[in-house]
Structure formats: C-alpha cells, structure tokens
Amino acid sequence: MNFSFHKKIPLSINITREAIRMVQIDRNKQIRSITSLPTPEGAFANDQIVNPHTIADAIKKSIGDIHPTPKEVIFSIPDSLCFSKIFTFEKKGNDTVTKNTLIELAKIHIPVDFEDTYWDYTRQTITPDTTTQSYLYVCALRSVIDPYIAIAQECGLSVNAIDTTAFALSRTIVYTEKKTGIAQKDTAVLILEGNTPTTSFSVFTTGNSLIYSGSIPITDIQKYSENTVLKTITSELKKTLDRIASITQLQITKIVLAGELAHIPDIEKTIEIDGVEVTLGDPVQSFKTSSVLSKKDTTAYSIALGLSLFTLYTEQKKPTVNFLRNKSPERKNTPVTPVAPSEISQENKSNKKTKNVLAYSFIILTFIGLGFVIYRYIITPFLLA
C-alpha cells in the first residue's frame, strides 16, 4: 500500500523585499490557507536576505494561525541569485558517472567556487538526439541558501526543499494540464519576471524543461511603462526571442509577466511583439476553487502557489530543482594537532623507557672502554719506564 498520499504538503513561503507570502494546500490541490505579511525593514539587501532573524520572527507570529500546523516548509530563491547552465554530452553508463561529469563541467563553466555552493540538476528534453543527453545544472552560494535554513530552524520547521522562482512560476502560469492543447512541440513560453533591481526571464518548453534564462537591463519597475523604457525593453525582448530561436530552434509564442511587473495596470497591453501573446497568466488555474481566494490578488501569489506544487511534481517525476539535494564539501584546512602527554599510549611509554636504558648503557660502556685504552697504552708504559 502506498502511504505517500497521506503525507501533508509542506507550507510554501515566498519571501521578497516587500512581502512574505505563504500558501498551504492539500493533496487535492485545494488551497487551505493563503496569507501575506510585510517583510521587516532591513531584512534584504538587493535580492538577498541579510537579516533572517527578523523574518523568522514575523513568520512565527503567522504560522500559528495556519491549520493544520505545518511541520515542513518550501522556499524559493530569486533567479538573479542562481547560476545555471545546460550541459549536453554523450550518454554515460550510470547516474554516478553522469553526476561526476556534471560536477567537473560545473567547476569549469560556472563562475563560482564549487565548494561554496548548494546545487542540483535535472534532465532536460531539448533535442530528439538519442546519443546525447542534456541536463540543467543550477547552483547558489551558501551565503544565499543558509539564511533560509536559519529562518526555518528558528520557526521550528524542517526545510523540505529550496526551489527557484522560475520553476515555481512555470508550474502555475505556463502550460497547465487543463490547457495542454495550446502548446506545440516546437514552441516555448517566456516568463518575464520583473522585480527591482533585476528583471529576469526564463524560457520553458511544454514539458517544463528550462532551456534558456537571462536578464534584461532595467532597475526600476515603476518606470517600465514609460515610452523610452518600454521601447528599450521591447527591443531587448525581440533580440532575445531571435537569439533563442537561432539557438534552440524553438519559437516563443507566449510571454507571461510576473513579479512586480505584473502589478502595473494594463502592462500586458503595452508590450507588443508580432506573433507573440503577452499575458499575466492565471496562477490559480491548476487549483480547485477555494473561498480563501476571495479578495486576494492571486497574481502576487504566483510563486508561492507554484512552490506548493513542488511535492506533487516530484512524486510525478516531473522536472524539479531542489538546492538541498546536493551540498558541496567545504574546504578543509586541517591543522597539525600536537599529541597531549596524557594521550601517549603505555606501549609508547615502555618503548621510550627501553630506549633511555640502552642509551645510558652505551655511554657507560664507552667510558669503560676509553678508560681501559688509556690505562693499557698510556699509564702502564709510563710506570714501567
């Protein structure tokens, strides 16, 4: 009998500079709890958490109102703090060889020290070539991941997974099971996640494979709708679409807006690219109707809702990323530790005593021999003379 059905879905928490959004669902995709609270001032520097204690205090005050009381949590980190690359190579003999190959490639191509990272990888279906295999390798620095672990510990929660915002978004606002008919095999969708100070994009195939990611130079989302900025962004998007088409042979037919960008009124109507649908998406389309969604801006909960589907996706063996699956070994500078006198064994003591006796005996015998030589060849001839 499979008891996994009875396991609870972890609480999903999306932490940004502005708000902490939490979602609790059951295994039937029924939303049981959805809440938001302001992020404490000074908790963030750019996209990175620098004061986990104040965030933990805020979360502790809110999780007491969630029923059933959560025991596990899933977090996401911004894509701007991740390093990712797709590696394609000839098929290897087993999983261990594949993993070691990815580690060696990451050490060469990822611009951070491997020993300073948490990392994961997932198989990607990109080309029909059966002689090669492609993997998405993703990593993040310890300094990025550790604050989330600290927050969970202070809240008395166990960290089930730490995901990326891109994968979380792909589960809710890209292609869902209800609308699989809109996707073609040679098409892809681009998620444009606009946040201050970083606007990033991720390209997903219909099979939830992340095939391309990057960033667009804009630092103030509130200026996004201005004509000059809008022209720049539209131009950058067109270049990105052309570049992706030339590299992957996939045509992007849809751009889904997320993050702070999605909160700008009518923003989806201001970006116009021929042959491409621009939309805000519907983050609750995969979930059952719930009374707790009334009067909620569900767009703001896109990432938290996507995180809540992580466990179900993992069980269905769909592509997921969890930074906690792999942690690089830390550098070890092992000092030479002197052995304390009390730690010397009895055998060593005995050996040392024996050596001392032999040394003293040698010295005494040397003096006796020297005395005999002097008496026999110097003193005796002198007396006889």
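Bear in mind that the values in this text are calculations on the coordinates, not laboratory data. All values reported here derive from a predicted model rather than from experimental measurement. Using ideal geometry, Cβ is built from the backbone for each residue, glycine included, and neighbour counts are taken over all protein chains shown.
Some observations on this one:
- Other residues with beta-carbon under 9 Å from the beta-carbon of Thr198 carry, at +1 per Lys or Arg and -1 per Asp or Glu, a net charge of -3.
- Of all DSSP beta bridges confined to the stretch 46-163, the antiparallel ones make up roughly 75%.
- Using the Cβ of Asp120 as centre and a radius below 12 Å, the other residues enclosed give a net charge of +3, where K and R count +1 and D and E count -1.
- Subtracting the Cα-Cα distance of Val229 and Asp26 from their residue separation scaled by 0.36 nm leaves 68.9 nm.
- Order by protection proxy (mean Cβ within 10 Å, highest first), peptides 116-124, 17-25, 160-168, 54-62: 160-168, 17-25, 116-124, 54-62
- Shape of the stretch 234-300, Cα gyration tensor, a/c cut at 1.5: prolate
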